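No value in this document is a laboratory result; all are computed from the given coordinates. Computed from a prediction, not measured in an experiment: that's the story for all the values here. Cβ coordinates were reconstructed from backbone atoms using ideal geometry, including for glycine residues, and neighbour counts include every protein chain displayed.
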Number of protein chains: 2
Amino acid sequence: MMEIISENLCFGGVQRVYSHESRTCSGSMRLGVYLPPACDHSTAPVLLWLSGLTCTEQNFITKAGAQRVAAELGMVLVAPDTSPRGDGTPDAPDEAYDLGLGAGFYVDATESPWAQRYRMYSYIADELPQILSETLGLNTKKMGISGHSMGGHGALIMHLKNPGLFQTVSAFAPIVAPMQVPWGKKAFQAYLGADQKAWADYDATALVMQNKSTAHILIDQGGADAFLEEQLKPHLFEAACEKAGQALTLRIQPGYDHSYYFIASFIEDHLRHHASGLS
Amino acid sequence: MMEIISENLCFGGVQRVYSHESRTCSGSMRLGVYLPPACDHSTAPVLLWLSGLTCTEQNFITKAGAQRVAAELGMVLVAPDTSPRGDGTPDAPDEAYDLGLGAGFYVDATESPWAQRYRMYSYIADELPQILSETLGLNTKKMGISGHSMGGHGALIMHLKNPGLFQTVSAFAPIVAPMQVPWGKKAFQAYLGADQKAWADYDATALVMQNKSTAHILIDQGGADAFLEEQLKPHLFEAACEKAGQALTLRIQPGYDHSYYFIASFIEDHLRHHASGLS
């Protein structure tokens with residue numbers, strides 16, 4: 001049962017926000033869906049967008065300006081929330097922005113108190129495509145995935161682990177090597193426990209060495225991003241892709257930061273990258 | 001003294017937020033300024049954007065997607081806050097959204113407790129152009145004005161009262177006849193007192209009968225806007241323009257509401273309207 005929370009006409013199409021009960025996350029989840037005008041939604045390609053730390057489904061749909069391009073290309077946009085929410089959902093004891101609410105990291109947690117609800121990996125890879133197809137009647141046979149920061153990490157691992165499901169991939173300022181940076185270490189320790197063997201299954205730089213795909217990965221990274229050196233380290237992924245033979249275009253955009261001003265500036269290139277790969 | 005609060009690269013240009021001490025409003029004011037790339041900012045045309053109730057300088061700069069078009073056209077965008085703010089600024093006793101903070105209505109208040117700080121008319125028409133020209137080195141000889149809802153009202157009256165200063169004008173879902181609708185009556189009663197003669201000087205539908213301009217006014221109005229019938233009433237302005245011989249294009253956009261999804265969908269048309277009129 002998908003409840004429509006809001007519905008706004010936008011560039012001739014419809015931007016909706018749904019709420020639904022997720023069996024995977026044991027609670028209600030929110031979801032932005034943009035349906036472009038003048039095309040058959042049962043055959044249009046679908047792009048999933050995974051947002052970053054602190055975000056909800058709102059950030060992408062209000063700030064990225066992606067609907068304009070999606071309307072032109074006839075592409076459906078799907079933007080889920082970044083974690084489970086609501087009564088009884090565990091959060092970091094200090095309400096830290098980088099763990100718990102707003103910080104699901106797109107993994108299936110195995111540790112207490114997270115394991116029951118923090119199952120964003122299975123939510124995105126299993127439950128969501130089923131909802132899109134069976135309940136909303138969308139074409140999950142042509143799906144791409146993209147995202148920002150923590151969501152860029154999510155997009156990369158979702159693609160590398162499910163290249164047949166998410167056939168095209170791109171990312172803005174992704175956390176490419178969570179096992180090697182503070183944000184990822186903190187989250188993986190909490191959600192997955194101390195054994196780093198479990199971490200590698202959610203680390204794009206580790207995964208690409210075993211699971212390279214036939215897709216061409218597009219990454220945009222702001223050259224003036226305050227998180228570049230400590231948390232993002234795109235060159236670790238670039239080196240792994242080179243070693244593995246994975247096709248990658250990594251663009252360092254001089255002067256751009258980590259904000260949606262950066263995303264808005266280059267989102268059109270990303271939508272066209274997906275449209276081209278899914279056509 | 002203009003303090004830079006934030007600075008983000010966006011579509012090759014720079015989106016800044018400034019804070020400055022306003023002599024007109026007796027306190028600090030915030031201001032969004034977008035400087036497009038690859039053009040001389042001392043000669044580029046300038047578009048002022050006036051936001052609506054509850055907004056700050058942030059809404060337009062984060063949600064409208066206007067920087068993309070401004071970058072292409074070589075147009076500077078200036079988005080002030082909608083009221084004075086900060087310590088000691090009077091607010092409505094019940095913190096109502098439609099009076100006081102976030103609801104300056106672009107008038108010079110004459111009544112207590114508003115008269116000292118709520119002087120948004122003079123701030124926009126006098127102090128701001130001087131700052132843009134003298135402090136920021138912008139070209140205030142080529143200026144247009146636009147806005148949304150309460151800010152659409154502001155844009156219309158600013159133009160009609162200062163057609164040489166704001167040479168082009170457009171609006172989204174403007175309050176065209178504040179004297180005749182609940183939002184306007186409440187605000188004008190509070191800021192200007194009971195004598196309705198003072199109100200007429202800030203009412204676009206009244207003003208256009210005396211002060212028609214040689215500009216062509218562009219208005220977009222969502223056909224599914226929840227405020228259309230009670231607060232906006234664009235046909236009152238349309239009738240006055242017809243009587244006065246004022247050139248007006250009023251477009252009712254079927255299905256669109258009062259949100260920034262509506263603004264984002266048509267902002268490009270408005271920027272081109274101003275660029276064409278200011279060229």
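Would you kindly work out, in nm and rounded to one decimal, the distances from the label point of A:ALA96 to those of the same position in each other copy, ordered shortest first, with label points 7 Å along Cα-to-Cβ?
A:ALA96 label point versus its equivalents elsewhere: 4.7 nm.
For the rotation taking chain A to chain B, which residue of A has the Cβ nearest the axis, and how many Å away is it?
Here the nearest residue and distance are A:GLY65, 2.
What's the center-to-center distance, using Cα atoms, between region A:121-154 and region A:259-279 in Å?
17 Å
Counting only other chains, and only Cβ atoms inside 10 Å, what mean value do you get across the residues of A:3-15?
The mean count of partner-chain Cβ atoms within 10 Å per residue comes to 4.
Using the per-residue mean of other Cβ atoms lying within 10 Å as a proxy for protection, in what order, highest first, do the peptides A:242-250, B:77-85 fall?
Details: A:242-250: 13.9, B:77-85: 25.4.
Highest to lowest by the protection proxy: B:77-85, A:242-250.
Which of the helices in chain A, when you take each full DSSP H run, stretch at least 24 Å along the axis at their Cα atoms and have an average Kyte-Doolittle score of -1.0 or higher? Intermediate values should be presented prior to the final figure.
Working: long enough: A:260-278 (26 Å, 0.01).
Result, helices passing both filters: A:260-278.
One decimal, nm, shortest first: give the distances between the label point of B:GLY255 and those of the same position in the other copies, each label point 7 Å from Cα along Cα→Cβ.
Here B:GLY255 shows inter-copy label distances of 3.8 nm.
In whole Å, what is the distance between the alpha-carbon centres of region A:56-82 and region B:166-190?
So the separation of the two Cα centres works out to 32 Å.
Does region B:204-273 classify as rounded, prolate or oblate by the C-alpha gyration tensor (a ≥ b ≥ c root eigenvalues; a/c under 1.5 gives rounded; else a/b over b/c gives prolate, otherwise oblate)?
Since a/c reaches 1.5 but b/c is at least a/b, the shape of region B:204-273 is classed as oblate.
For chain B, modelled as a Gaussian network with Cα springs under 10 Å, which listed residue fluctuates most, B:ILE217, B:ILE175, B:ILE252?
Highest fluctuation among the options: B:ILE252.
Connecting C-alpha atoms closer than 10 Å in a GNM of chain A, tell me which of A:SER265, A:SER122, A:SER51 has the biggest fluctuation.
Top of the fluctuation ranking is A:SER265.
Going by C-beta contacts inside 10 Å, put A:LEU101, A:LEU47, B:LEU156 in order with the fewest on the left.
A:LEU101, A:LEU47, B:LEU156
Of A:PRO84, A:MET179, A:GLY100, which is farthest along the charge dipole of region A:33-185 in the positive direction, counting Lys and Arg as +1 and Asp and Glu as -1 at C-beta?
A:MET179
Can you list the GluC sites (Glu not before Pro) in region B:30-105 that are in a DSSP coil and have 16 or fewer other beta carbons within 10 angstrom?
Here the GluC sites (Glu not before Pro) that fit, given the DSSP loop and packing criteria, are B:GLU95.
In peptide A:263-275, how many Cβ atoms from other protein chains are near each Cβ within 10 Å, on average? Please report the intermediate quantities before stating the final value.
Working: counts 1, 8, 9, 1, 1, 1, 0, 0, 0, 0, 0, 0, 0.
That average works out to 2.
Can you list the distances in nanometres, one decimal and ascending, from the A:GLY223 label point to the identical position in each other copy, with the point 7 Å along Cα to Cβ?
Reported distances to equivalent positions: 4.8 nm.
Where does each of B:CYS55, A:CYS10 land when they are ranked from fewest to most other beta-carbon atoms within 10 angstrom?
B:CYS55, A:CYS10
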